[in-house]
Amino acid sequence: MSAWVLPDHIADVLPSEARHIEELRRELLDTARGYGYELVMPPMLEHLESLLTGTGEALDLQTFKLVDQLSGRMLGLRADTTPQVARIDAHLLNRQGVTRLCYCGPVLHTRPDRPHATREPLQFGAEIYGHAGLEADLEALLLALDCLKATRVEPLTVDMADARIVRSLLAGVGVAGERMARVHAALATKDAPELAALTAEFPSAAREGLLALVNLYGDAKVLDEAARVLPDSALLQQALQHLRWISGHVGGARLRFDLADLRGYAYYSGMRFGIYTPGASDALVRGGRYDEVGAVFGRNRPAVGFSLDVRELVGVAAKRPLKAAIRAPWLDAGPDAVELRGAIAQLRGQGETVVCVLPGHESEVDEFHCDRELARDAAGRWAVRGC
C-alpha cells in the first residue's frame, strides 16, 4: 500500500472545495454573531474522563483514544463539541444569566455515522445557556434556519419532536440500557413488529403509547392526534403545548412532526429538531434542548442549541462565483519594480487578488480566472485594464 493513501472515510480537501467550505464557515459564524453569539475554540483533545463524562458518555465508541506522552494519562480526540462548550460555560466563563456561544472546528469519529460520511466532520454549532423558557428554544431554531438561508440552502423542512413524549410513556418502566436502546432504535426506524416484540412485557398504557408513536408523523394535525391517542400526562401535554407554540412562530420552512424521532445524541431533554433539504442524505442540522449537559461540570444550567457539518453542507449549498483576480508581471529590480510593487500592494489593500506571473510560467492555467491585468498605460503609469 502506498504511504500516502489516506485512511478510509478520511480525505484531503482540494482548493475549490476548500474555498467553498471557508466561505460557508464565514457566513455561518457571521450569522451567529448577528444574533449575539460569541466564538469559542475548544481544544481538539482533552483528558478522556473530561470528554466522556456525563452526557459525553454516549460518544465513547465514536472517540479516538491515545496516551499523553507527557503525563501518561489517557486523552481523547473530541467526537462532538457540545460537552466542551458546556464545560467552558460552567467553569471558564461561569457567568450568571444568559450566555450565547458558537464554534466551528473539526471533530473525529472512529466510524462514519452513515454510509459515505466522513470521519472528520467540520462541526459548526451555536448554543444558548441560562434560559429555561421557550424563547431560547425558538431562538436556536430560528438561528439554525437563518444559517442555512445565509448559505443559500433551500427549500427547508423542519422535523420537530420532543424527548419528553417518549420519557412520559416510559415513566415507571424498568428496562435495562441495552434493551432501551433497541426500543429507541425501533421507534426511530418505525419498526412496529420489532417494537411490539420489545415491549411485550411493558404495562399496556406504555406499550400502546409507544406503538401509536410509530404512526404519529406528519403536519400539525399530528399534535392533536397525539393528544387524543397517547396516555394523558402532565409531561406529555406540556411537550405538545410547547411544540405548538414554537411551530407557530416559525416561518420560511415547511414544518413536520415526527414524535418517534430519537436520532442523535442521547442528551436531549425537551424539544428537538432536524432540518432537511433535497439532495442531503440525512438532516443537515440537528438540535434541541439539553438541560442536563452541564450537570457533570457542576452547573446544571438550561441549555439549547444545534450543530451541523460544514463539509456536508458543501454538497447542497450553491457555489459562490469565484472573485476574479488581476494578473501582474514580475519585476525583480530597478525603479519599475519598486513602482510595480507599490501598485500591487495598493490593489491588495483594496481587497483585490493580484497574482504575479513568475518568469517562465506565463502560459500556465489561470486558477483564479484573472479577468484583468496590471500594465503600463499610455502615460506610463501602472493601471488595471481588461485582458
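Taking every protein chain into account, the accessible area of the chain amounts to 50 square angstrom per residue (probe 1.4 Å).
Placing unit charges on C-beta atoms (Lys and Arg positive, Asp and Glu negative, everything else neutral), compute the dipole magnitude of the stretch 301-387 about its Cα centre in debye, rounded to 20.
Working: 12 positive and 13 negative charges, 98 e Å.
Roughly 480 debye for the stretch 301-387.
A dipole drawn for the chain from +1 and -1 charges on Cβ atoms has a positive end, and of 6, 308, 92 the residue lying farthest that way is 92. Taken about its Cα centre, the stretch 119-263 carries a charge dipole of roughly 160 debye when the Cβ of each Lys and Arg holds +1 and the Cβ of each Asp and Glu holds -1.
I'd like to verify something in the chain: which complete DSSP H helices, judged by Cα projection on the helix axis, reach 15 Å or more and average at least 0.0 on the Kyte-Doolittle scale?
Details: long enough: 15-34 (28 Å, -1.13); 134-150 (24 Å, 1.08); 177-189 (18 Å, 0.02); 234-247 (20 Å, 0.24); 334-349 (23 Å, -0.04).
Length and hydropathy pass: 134-150, 177-189, 234-247.
A simple spin-label model places the labels of residue 190 and residue 225 0.9 nm from each other, with each point 7 Å out along Cα-to-Cβ.
Residues whose amide H lies under 5 Å from that of residue 353, counting only those 5 or more places away or on a different chain, are 326; hydrogens are built 1.01 Å from N in the peptide plane.
Carbon and sulfur atoms: what percent of the 1.4 Å accessible area of the stretch 105-255 do they account for? Reported share for carbon and sulfur atoms: 52 percent. Approximating the spin labels as points 7 Å out from Cα along Cα→Cβ, the residue 14-to-residue 377 distance works out to 4.0 nm. The residues 147, 387, sorted by heavy-atom accessible surface at 1.4 Å with ligands and nucleic acids left out, run 387, 147 from largest to smallest.
Only helical runs count toward this figure. For the chain, summing -39,500 (n - 2.57) over DSSP H runs of n ≥ 4 and dividing by all residues gives -10000 deg cm²/dmol at 222 nm. Using the Cβ-Cβ distance between residue 23 and residue 171 with R0 set to 41 Å, the FRET efficiency works out to roughly 0.30.
Can you give the percent of C-alpha pairs in the chain whose distance is more than 36 Å? Kindly include the intermediate steps, with their values, before the conclusion.
On the way: 27864 of 74691 pairs.
Of all Cα-Cα distances in the chain, 37 percent exceed 36 Å.
Calculated translational diffusion coefficient of the stretch 1-138 (20 °C, 1.002 mPa s; Stokes-Einstein with Kirkwood radius over alpha-carbon pairs) equals 127 µm²/s. Placing unit charges on each Cβ (+1 for Lys and Arg, -1 for Asp and Glu) gives the chain a dipole about its Cα centre, and among 195, 63, 205 the Cα reaching farthest toward its positive end belongs to 205.
Applying 0.36 nm per residue to the separation of residue 366 and residue 92 and subtracting their alpha-carbon distance, the gain on full extension is 93.8 nm.
Basic side chains Lys and Arg get +1 at the Cβ, acidic Asp and Glu get -1 at the Cβ, and with that the dipole of the stretch 43-161 about its Cα centre reaches some 340 debye.
The values are calculated or read from the model by the stated rules, or taken from the named source; none is laboratory data. Computed from a prediction, not measured in an experiment: that's the story for all the values here. Glycine also receives a Cβ, built like all others from the backbone with ideal geometry; neighbour counts cover every protein chain displayed. Accessible surface areas use protein heavy atoms only, side chains included; no ligands, DNA or RNA. Shrake-Rupley method; radii C 1.70, N 1.55, O 1.52, S 1.80 Å.
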